[in-house]
Amino acid sequence: MSAASHRFDAVVAGGGLAGLAAARRLATAGLSVALLEKRDRLGGSSAMSGGWFALSGTPVQRRAGVEDSDDVFLADMIDTGGGDADEELLRALVARQTHAIEAIDRADAWTDELKVSAGMTVARAHLIRIRDLLAQLEREAVAAGAVLLRGHPVDGLVTERGRVSGVRSADAVFAADAGVVLATGGFSRSRELLRLFVPDQAAAMQYGGVGNTGDGLRMAWMLGAGLADIGHVSGTYGQHADASDDEHELLTANYLGGILVNARGERFADESESYKVLGSAVLGQPGRIAFQIFDARVRAQSRPGVPLSDMDRIEELGHLHSAPTIRALAQDLGLPGGALERTIDRYNDAVVGRRTDPFGRTGLVNGVGALRPVDAGPYYAYPAVTAMTSTFGGLRVAPDASVRRVDGSAIEGLSAAGEVVGGFHGASYMTGTALTKALVFGVEAADAIARG
Ligand SMILES: Cc1cc2nc3c(=O)[nH]c(=O)nc-3n(C[C@H](O)[C@H](O)[C@H](O)COP(=O)(O)OP(=O)(O)OC[C@H]3O[C@@H](n4cnc5c(N)ncnc54)[C@H](O)[C@@H]3O)c2cc1C
């Protein structure tokens, strides 16, 4: 489109899961809508993600005999966030999960993969075929008349008498009579914002959608938007330092029974903690690296094609070390002689109750699952770092996705959804809640605009 003014009922900035969900919902509600995506392709971090969604009371859980409920889901999120998350938002997330479930149904994107992961007390992480879901939302949005424009970075919000009335992209203005949805993702690719908000995390490997430089955050901030959870942003532990943007290499063998050791061959944390908590801990270790050490019993639990559990793929990529004995493994990794053997002996003693675990580990993940000694050779090691995959703090919003100023008042005409938003996580993060919130509140933002 050339230098001009374009008029729509609504404009969505950003074409990841939240943006596509919003554009599709707005268009199917009969509004004219333009989605502007900065990059030449849609998808953002959503397309790179593992595809785990946190959902409760689903048919997948029922088939697997997992007892879960909205109340337990809510309680787990509150607990994971250390009481710092916005409970009103969490209640809305749980109550409106149906938005996500319906979209996944329409895309036929369910799998039967279900597991307990960070922050959960029951198996609630559902593996969804994320690319099928995104493709379906895109198809539905286009079929309903949404205009999807790639290569169109939004670089400013237009206001009239204090109300957001459109966006600017290069030399064009896109008027949005009913409202603008910011769905520009987080700031995991902005070293500047990471240094500003969480300087102790700025050394993490930058990851996530290449366009995710916090643009929406800055634009709303200029209008007085409040922020939530921003100081809690932390990287995710478990990625190889050489992972490419096209394929993440996140592995959490620690949740299957492995341990973590630093470059001195020593443990430094309760390995069942959230990978965000571990991410921060690893940034404080020598060389900012930790090795996931595990035995053949854990290796046998690899799930090819299942993100976070696919050891086969990591071996294919040449990033998994193995050796018949702990001593040989330590030599291969260049760890100080004897240290790894001592560490594993002590850990195994704690598992069988001969001593107390100095880090308080009592379960595989989040306190759930019985521990087993690391004693069945051959032995394996995965050297991994902390990657800033997503930044779970962001704009303060109300449950209807309207953006709130520092004083709590609404910025008229402006909604936000997805990773650009904060308030859902507090101090830490439950696996799968980033995708669930992006989908649920993309729809919610659209509904609020359509209601007028
Ligand atoms: C490797 C990896 C694995 C992950 N795994 C999981 C998981 O299994 N479960 C989970 O819940 N979460 C996971 N996450 C986090 C999750 O993927 C994101 O939080 C979520 O996808 C964010 O969705 P979104 O729509 O808000 O943002 P995105 O999907 O990132 O989309 C934002 C879009 O906005 C565009 N944009 C940015 N600025 C502008 C601008 N100025 N104008 C126009 N467009 C703009 C970007 O280019 C991008 O396309 C993972 C993240 C990564 C990187």
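Just so it is clear, none of the values below were taken in a lab; they were calculated from the coordinates. Not measured: the values here are computed from a predicted model. Heads up, the Cβs are rebuilt from the backbone with ideal geometry, glycines too, and the neighbour counts pull from every protein chain shown.
Kirkwood Rh over alpha-carbon pairs of segment 250-344, then Stokes-Einstein at 25 °C and 0.890 mPa s: what D in µm² s⁻¹, rounded to an integer? Don't jump to the answer; show the numbers that get you there.
Numbers: Rh = 13.7 Å.
In µm²/s, the coefficient is 179.
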Between the modelled labels at Arg342 and Arg372 (7 Å from Cα along Cα→Cβ) the distance in nm is 2.8 nm
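Loop only per DSSP, at most 12 neighbouring Cβ atoms within 10 Å: give me the chymotrypsin sites (Phe, Trp or Tyr not before Pro) in segment 274-372, ordered by residue number.
On the way: sites: Tyr275, Phe291, Phe294, Tyr347, Phe359; in loops: Phe359.
Those that pass, being in a loop and sparsely packed, number zero.
Placing unit charges on C-beta atoms (Lys and Arg positive, Asp and Glu negative, everything else neutral), compute the dipole magnitude of the chain about its Cα centre in debye, rounded to 20.
On the way: 44 positive and 55 negative charges, 70 e Å.
So the magnitude is around 340 debye.
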Looking only at lysines whose Cα falls under 20 Å of Lys276's and that sit 8 or more positions away or on another chain, we get Lys115, Lys437
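Could you tell me whether the chain comes out rounded, prolate or oblate from its Cα gyration tensor? Rule is a ≥ b ≥ c as square roots of the eigenvalues, rounded for a/c under 1.5, then prolate if a/b exceeds b/c, otherwise oblate. Working shown, then result.
Working: a/c = 2.10, a/b = 1.92, b/c = 1.10.
The shape class here is prolate.
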If unit charges are put on Cβ atoms (+1 for Lys and Arg, -1 for Asp and Glu) and the dipole of the chain is taken about its Cα centre, the option from Ala64, Ser272, Ser5 lying farthest towards the positive end turns out to be Ser5
The size of the Cβ-based charge dipole (Lys, Arg +1; Asp, Glu -1) of segment 1-95 about the Cα centre, to the nearest 20 debye, is 820 debye
Dipole check, the chain, charges on Cβ (K,R +1; D,E -1), about Cα centroid: among Val142, Ala290, Ser322 the Cα furthest to the positive pole belongs to Ala290
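What number, in percent, do you get for the relative contact order of the chain if the mean sequence gap of Cα pairs under 8 Å and at least 6 apart is divided by its residue count?
Result for the chain is 25 percent.
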With R₀ set to 35 angstrom, the calculated FRET efficiency between the beta-carbons of Arg129 and Arg354, to the nearest 0.05, is 0.20
Around Gly208 (Cβ within 12 Å, Cβ-to-Cβ, excluding Gly208; K/R +1, D/E -1) the net charge comes to -1
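Can you give the extra length, in nm with one decimal, that the chain gains between Asp200 and Ala410 once fully stretched, where that is 0.36 nm per residue apart less the Cα-Cα distance? Please report the intermediate quantities before stating the final value.
Numbers: separation 210, 0.36 × 210 = 75.60 nm, distance 3.20 nm.
That works out to 72.4 nm of additional length.
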Distance in Å, no decimals, from the C-alpha centre of segment 182-233 to the one of segment 368-423 is 12 Å
Computed from the beta carbon distance with a Förster radius of 51 Å, FRET efficiency for Ile78 and Arg161 to the nearest 0.05 stands at 0.85
Magnitude of the Cβ-charge dipole (Lys and Arg +1, Asp and Glu -1) of segment 324-369 about the Cα centre, nearest 20 debye, reported as 120 debye
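Find, among the trypsin sites (Lys or Arg not before Pro) in segment 1-107, those assigned to loop by DSSP (not H, G, I, E, B) with at most 14 other beta-carbon atoms within 10 angstrom.
Working: sites: Arg7, Arg24, Arg25, Lys38, Arg39, Arg41, Arg62, Arg63, Arg91, Arg96, Arg106; in loops: Lys38, Arg39, Arg41, Arg96.
Hits after loop and neighbour filter: Arg41.
Using only the Cα atoms of segment 1-41, build the gyration tensor, take square roots of its eigenvalues as a ≥ b ≥ c, and label the shape rounded, prolate or oblate: rounded if a/c is under 1.5, else prolate if a/b is larger than b/c, else oblate. Provide the component values of the computation, followed by the final result.
Details: a/c = 2.98, a/b = 1.12, b/c = 2.67.
Judged from the Cα gyration tensor, segment 1-41 comes out oblate (a/c at least 1.5, b/c at or above a/b).
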Distance in nm between Ala296 and Arg327 label points, each 7 Å along Cα→Cβ, equals 1.9 nm
